[in-house]
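Below: one structure, written as structure tokens.
Every read-out reported here was derived from the displayed coordinates using simple, explicitly stated rules and does not represent laboratory data. What you see is a predicted model, and the numbers here were worked out from it, not measured in a lab. Neighbour counts run over all protein chains shown; Cβ positions are idealised from the backbone, glycine included.
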Amino acid sequence: MSAAEERLESTLEGEHRELDSVVIRFAGDSGDGMQLTGGQFTESTALSGNDLATFPDFPAEIRAPTGTTFGVSAFQINFASHEVSTAGDELDVLVAMNPAALKTNLLDLREGGVLVIDSGAFGARNLKKAGYASNPLEDGSLSGFHVVQIDVQKRVLEAVEPYGLGHKNALRCKNMWVLGLIMWLYGRDRAPTVAGIQEKFADRPEIRDANLAALNAGHTYAESAELAEALPAVSVPRASVEPGLYRNVTGTEAMAWGIVAASVLSGLEVLFASYPITPASSLLHTLAGLKQFDVTTFQAEDEIAAACAAIGAAYAGSLGVTSSAGPGIALKGEAISLACAVELPLVVINTQRGGPSTGLPTKTEQSDLYQAVFGRHADTPLVVLAPSTPSDCFEVAVEAARIATRHMTPVMVLSDGYLANAAEPWRIPDTAVMERFAPRFAAEPEGFHPFARDPDTLARVWAKPGTPGLEHRIGGLEKSFVSSNISYDPANHQRMTEVRNEKIARVARDIPAQTIALGPDSGPLAVLSWGSTYGAVHQAVKRVLADRLPVAHVHLRYLWPLPSDLESLLGGFERVLIPEMNTGQLRRIVRSETLVDAKGLNKIAGQPFKITEVETAIREEIDA
Amino acid sequence: MNAPAEIDRERTVTLTPKDFASDQEVRWCPGCGDYAILKAVQKVLPTLGVPRERFVFVSGIGCSSRFPYYMSTYGFHTIHGRAPAIATGVKLANPDLDVWLITGDGDGLSIGGNHMLHVLRRNVDLQILLFNNQIYGLTKGQYSPTSRLGSGTPSTPEGSLDAPLLPCRFALGAGARFVARSIDTEIVHLSAVLTRAHAHRGASFVEIFQNCNVYNDGAFDYFTERAHAKETQLRLEHGQPMRFGRDGEKGIRFNPTTFSLEAVTPGEEGVSDDDVLVHDESNRALAGMLCAMDGPDLPVALGVIYRAPGPEYVESVRVQREQYRAKVGPADLDALLHRGHTWRVDDHLHRPGSAGSEPDR
């Protein structure tokens with residue numbers, strides 16, 4: 001019996017079965033509140049002690065016409081009694097709130113998986129909008145699944161009737177009804193959700209009470225003997241994790257809090273300057289609500305102005321941060337080059353999305369690596385980092401600020417749409433033990449010139465306007481290495497270009513040695529990953545290792561400069577496989593920098609890798 | 001203008017124009033109007049009671065934007081058109097700095113038009129000096145957004161076809177609360193205008209007619225020539241009648257039929273002294289008409305055309321932040337990280353399938 005069959009058996013038989021992991025997707029119309037349902041279920045799942053990972057997947061349209069396939073919004077969660085690092089490949093449970101949600105998500109439901117359907121939404125109109133010629137609930141096309149049909153609409157209307165909301169508002173409680181049902185199924189405590197609803201709708205008691213009634217009604221319905229037979233409750237034991245205090249965090253929250261932490265640890269005020277763009281805007285929103293810290297947010301008139309304002313702030317002695325997605329980063333390019341030329345610290349956060357051009361605004365991709373490393377005019381090297389998980393965004397934000405201020409350089413952080421929106425449990429760090437990195441501003445006029453350099457790092461001094469005796473001019477024109485005055489001297493330009501290059505190269509001395517995340521330190525195959533593919537690659541390597549096959553996982557946080565020991569580390573392996581959500585950008589960089597003839601596994605579908613996709617590629621490489 | 005924080009009188013009263021000249025060789029063409037503007041600025045700064053280290057000159061790209069290199073203050077020569085955004089960042093980081101933005105008609109109104117619009121609209125406390133020479137000088141003489149229709153230049157050999165922009169009208173349209181005009185070589189007038197621009201809290205927009213003697217020589221001669229300046233210029237003074245002419249015999253009158261300004265001579269054709277408009281800096285509608293005056297019968301308006309103080313952006317940001325802080329209490333990083341639902345996993349529970357964790361709060 002396969003693992004999948006075993007799981008199906010355990011789903012269908014007995015009273016309260018135990019599973020080691022479950023993947024659920026809530027899918028519905030973008031107005032159905034699936035993201036809220038998913039978020040609340042995630043919260044209660046985290047509190048129950050499971051490890052988890054989530055993947056929200058929503059349309060680019062704000063209010064797509066109801067019932068259409070392009071208006072479907074989904075939220076996926078994978079929770080387990082063991083370590084989880086992706087939102088899961090196949091679905092064990094699909095909740096489909098209408099025909100369009102069924103149509104666009106059914107392919108991902110495993111054979112024999114549980115399908116919870118709101119049959120009340122399967123009228124002729126909705127079926128037609130979703131493109132169904134016949135009703136899938138009646139034509140036998142769902143026979144391979146364990147289908148649970150419930151007229152959710154009808155039951156919600158009954159449950160919230162006493163609150164007099166009107167038909168439309170009453171139906172908006174559907175998501176809470178479903179949440180109640182699923183919470184019962186996995187034995188979740190409703191108390192935190194109840195508290196959340198009470199807080200959210202404190203000013204609108206009738207909405208609050210209707211939502212609570214719907215939640216409880218869904219729960220009660222599930223408890224009824226009839227359903228318990230069709231859909232028995234299951235439990236997933238708690239995961240074994242490091243001791244400590246935990247919370248849930250999305251990549252956006254972790255990034256925002258990392259920026260706040262950078263301010264606290266450096267003693268610098270932050271100017272966060274940004275321009276709205278999907279999927280980066282939520283970072284601006286999060287920081288805009290943290291004014292109690294020394295963080296000022298500035299919504300500029302455009303991407304260029306956002307980068308320039310951050311540079312202006314850096315010139316005046318603050319930590320300048322700007323943020324966007326790929327198209328906006330392209331607009332900031334000239335300003336970033338100015339920051340390279342005047343050697344000011346700057347943190348640039350790129351929440352990558354599918355491209356080129358407007359591309360797939362709400363979908364994920366890793367295709368801005370070239371842009372980060374090479375995407376400016378002239379020789380303008382800077383530092384490029386990438387977080388691997390939602391919680392890692394916290395550390396990477398702090399590290400970006402540390403490197404930017406210590407080495408007087410722009411640092412680009414490559415997050416992506418998946419990391420920004422995905423959530424996972426996070427062991428809250430002890431901020432008391434985190435490294436402080438207050439910069440030393442120049443104060444002594446004797447012998448001062450603005451491009452005087454630290455002999456070790458080659459970083460120039462940072463002199464704040466307002467400091468008596470240090471009045472000086474900087475600008476985009478080439479300056480003399482010796483005096484900092486404008487210089488068009490040929491030998492000086494050669495020297496300055498080389499110094500700017502060497503300054504960035506020396507950042508490699510200031511980063512940790514490259515580690516092997518999993519597996520042996522030499523052998524036939526290493527899988528090299530960067531950014532958000534970490535989770536899928538890690539699990540894939542783990543599965544292959546479990547079969548005692550020789551493979552290692554190496555994950556890069558520092559993409560430019562590359563760790564100086566990367567070449568020797570990769571030299572220990574006969575072959576290197578690089579899975580990326582682009583056409584092979586890291587592969588080409590690794591090839592040109594290390595001469596390692598790496599092979600690529602490239603997915604450009606706007607969706608993260610599935611574990612099995614990476615696993616299959618690894619096994620093929622080993623067999624080759 | 002700078003916030004009147006405590007100022008070291010010892011160090012400010014002794015400053016002279018020479019203290020504001022840098023050791024760099026000035027590289028403008030001989031005879032360029034920029035020299036005169038540099039001199040006027042260096043003359044005004046020591047009179048403002050601000051220590052030298054608080055002055056910051058931010059510029060974009062173009063002839064005018066080389067300006068910061070020649071000042072012995074803090075200076076940032078940035079990229080084409082973006083100086084308003086950089087200057088906004090400087091002020092947001094440190095409102096105590098006294099920031100001057102140096103730009104030109106191409107830098108400030110073409111490539112940087114968007115930023116100029118928004119810095120004026122936001123009313124960021126800056127002195128914005130736009131050197132208008134109606135030409136691109138540093139790229140060798142192409143027509144600019146303020147060049148007159150039909151300008152023959154290397155890029156428009158048969159004459160330019162697009163209507164020019166009036167910088168002060170643009171500024172008013174963008175919501176500027178201080179709009180003034182002067183002429184490069186009129187050092188006394190220019191110095192007075194700069195002093196008033198500095199005294200205004202908010203974005204102070206000053207258009208300076210600047211002669212490019214290489215690519216657009218004499219573009220403003222028709223009203224700047226001293227010989228007939230009294231007839232071609234209207235020197236505005238708040239609260240004073242708008243008189244001009246060789247002996248001040250002419251005046252500006254509002255014609256309610258055409259809804260426009262016209263030149264009149266009191267005492268002739270039934271026009272009386274009372275018909276002559278009195279300048280009111282706070283009248284925005286009047287300011288718009290004054291900006292548009294440009295020959296052949298009407299003089300060019302100079303001086304402070306419009307001034308209406310209002311909320312300054314950076315100050316508003318600070319006030320809002322203080323109000324927020326008063327509401328939510330002190331900043332605490334740990335409290336932020338612990339906000340919301342947390343749970344504790346204990347040492348003795350650190351085993352698979354064990355009893356597990358408890359909600360912490």
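Quick notes
- Under the combined filter of DSSP loop state and at most 10 neighbouring Cβ atoms within 10 Å, segment A:412-441 retains these trypsin sites (Lys or Arg not before Pro): A:R436, A:R440.
- Net charge of Cβ neighbours under 11 Å - reference A:D547; Lys, Arg +1; Asp, Glu -1: +3
- In this rough spin-label picture, where each label sits 7 Å from Cα along the Cβ direction, the B:V26-A:D430 distance is 6.3 nm.
- For segment B:199-256, applying the loop criterion from DSSP together with a ceiling of 11 other beta carbons within 10 Å to the trypsin sites (Lys or Arg not before Pro) yields B:R246.
- Mean residue ellipticity at 222 nm, helices only, the protein assembly as shown: -10000 deg cm²/dmol; runs of at least 4 DSSP H residues each add -39,500 (n - 2.57), and the sum is divided by the number of residues.
- In a simple Cβ point-charge model (Lys, Arg +1; Asp, Glu -1; nothing else charged), segment A:444-557 has a dipole of about 440 debye relative to its Cα centre.
- Inter-part distance, segment A:39-57 to segment A:191-224, computed on C-alpha centroids, equals 19 Å.
- Chain A: relative contact order in percent, alpha carbon pairs under 8 Å with at least 6 residues between: 11 percent
- Shielding score for A:45-52, defined as the mean number of other chain Cβ atoms within 10 Å: 3
- Look at A:S367, A:S388 and count the other Cβ atoms within 10 Å of each Cβ; fewest to most, that gives A:S367, A:S388.
- Rounded to 0.05, the FRET efficiency of the A:L477 and B:D294 pair, given R0 = 35 Å and the Cβ-Cβ distance, is 0.45.
- In nm, spacing of pseudo-spin labels at A:D489 and A:E83 (7 Å Cα→C-beta vector): 5.5 nm
- As a calculated quantity, the FRET efficiency between A:K200 and B:A285 at R0 = 45 Å, using C-beta atoms, amounts to about 0.40.
- Under the convention that each Lys and Arg Cβ holds +1 and each Asp and Glu Cβ holds -1, the size of the dipole of the protein assembly as shown around its Cα centre is about 1320 debye.
- Alpha-carbon centroids, segment B:141-186 and segment B:23-73: separation in whole Å: 22 Å
- The distance linking segment A:120-161 with segment A:531-593 is 45 Å (Cα centroid to Cα centroid, whole angstrom).
- With both labels modelled 7 Å from their Cα along Cα-to-Cβ, the B:E268 to A:A513 distance reads 9.4 nm.
- Among the listed pairs B:K43/B:K140; A:K200/A:K363; A:K542/A:K603; A:K128/A:K168; A:K103/A:K154; A:K542/A:K610, those beyond 24 Å (Cα-Cα): B:K43/B:K140; A:K200/A:K363
- Taking a straight line from the alpha carbon of B:K91, these lysines sit under 20 Å away, with near neighbours fewer than eight places off in the same chain left out: A:K291, A:K464.
- Theoretical FRET efficiency, 1/(1+(r/R0)^6), r = Cβ-Cβ of B:D275 and B:D162, R0 35 Å, to 0.05: 0.40
- 0 to 90° range, to nearest 10: angle between helix B:313-328 axis and chain B longest Cα axis: 20 degrees
- For the protein assembly as shown, share of DSSP beta bridges that run antiparallel, in % to the nearest 5: 35 percent
- Against chain A, whose longest principal axis comes from its Cα atoms, helix A:174-185 is set at around 80 degrees.
- When the square roots of the Cα gyration tensor eigenvalues are ordered a ≥ b ≥ c, the ratio a/c for segment A:518-608 is 1.5 or more and a/b does not exceed b/c, which makes its shape oblate.
- Tensor-based shape of segment A:307-346 (alpha-carbon gyration tensor, a/c under 1.5 rounded, otherwise prolate or oblate): oblate
- Compared with the dominant Cα axis of chain A, that is its longest principal axis, helix A:392-407 is turned about 10°.
- Net charge dipole size for segment A:100-233 [Lys, Arg +1 and Asp, Glu -1 on Cβ; Debye, nearest 20]: 540 debye
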